[in-house]
C-alpha cells in the first residue's frame with residue numbers, strides 16, 4: 001500500500017529481548033540509508049503514527065529498533081505485524097540524478113513499440129531489482145525498472161519512455 005509522501009520501510013516482525021525492542025524486516029534496496037532515521041511512522045488503523053527512534057541496529061535486511069515510549073515487551077508486542085514507513089524527505093537520495101525510484105510514482109509511461117501504456121502506481125522493491133507497477137486502464141503491468149529499458153525520463157512533464165523486452169507489454173494487455 002503506497003502512502004503519499006512516505007516510503008515503505010518494512011514490517012515489524014517480532015519483539016527482541018526484554019526491553020521492548022522490535023525486529024524490523026526491511027524491504028528496501030539500501031538498508032544503510034535508514035541508519036540515521038530519527039522518526040518512523042507505523043500504520044495503525046489505516047493511519048500513520050510517528051514513533052521516535054532511540055536506536056537502530058541494521059544487519060542485512062533486518063534491523064533491531066528501539067522506540068521511545070516502548071519500554072517493555074508487552075508494549076512492543078502489539079506493534080508486531082505492523083507496516084513501517086519513513087518520510088521520504090528524511091531518506092538520502094539514491095543516485096546521481098537526484099531522485100529515488102519512488103519519485104517516479106504518477107509518471108506516464110510510453111513504450112517505443114507499443115505506445116502509451118499507463119501511469120506508474122508504485123514501485124515494487126525486490127532484492128536485486130525494482131519493478132514499475134503500471135496501471136493500464138485498470139490492468140496491472142509490471143516492467144523492470146532498469147537502465148537498459150529506460151530510454152528517457154522527463155521530470156518536468158512526469159513522463160518516461162521505455163523500450164520493454166519484446167512481448168512483455170502484450171503479456172499483460
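The values are calculated or read from the model by the stated rules, or taken from the named source; none is laboratory data. Keep in mind that this is a model prediction, so the values were computed, not measured. We place every Cβ from the backbone using ideal geometry, glycine too, and count neighbours over all the protein chains shown.
The number of residues in the stretch 15-46 that are at pLDDT 90 or above, loosely packed, with under 15 Cβ neighbours inside 10 Å and touching a strand residue (DSSP E or B) at 6+ places or on another chain (Cβ under 9 Å) comes to 5. Considered as a group, the residues in the stretch 98-130 that are at pLDDT below 90 and assigned to a strand (DSSP E or B) include one that is farthest from the chain's Cα centre (by Cα), and that residue is 129. Residues in the stretch 149-173 that are touching a residue at least 12 places away in the same chain (Cβ under 8 Å) and assigned to a strand (DSSP E or B) were compared, and the one that is surrounded by the most Cβ atoms within 10 Å (Cβ to Cβ) is 162. Scanning the stretch 131-148 for residues that are within 13 Å of residue 101 (Cβ to Cβ) and assigned to a loop (DSSP other than H, G, I, E, B) gives 145, 146, 147. Would you confirm, using the coordinates I've provided, whether residue 81 is assigned to a loop (DSSP other than H, G, I, E, B) and surrounded by fewer than 17 Cβ atoms within 10 Å (Cβ to Cβ)? So residue 81 fits the description; yes.
I need the full set of residues from the stretch 1-58 which are closer than 20 Å to residue 76 by Cβ, assigned to a strand (DSSP E or B) and touching a helix residue (DSSP H, G or I) at 6+ places or on another chain (Cβ under 6 Å), in order please. 15, 22, 58 - these are the residues of the stretch 1-58 that are closer than 20 Å to residue 76 by Cβ, assigned to a strand (DSSP E or B) and touching a helix residue (DSSP H, G or I) at 6+ places or on another chain (Cβ under 6 Å).
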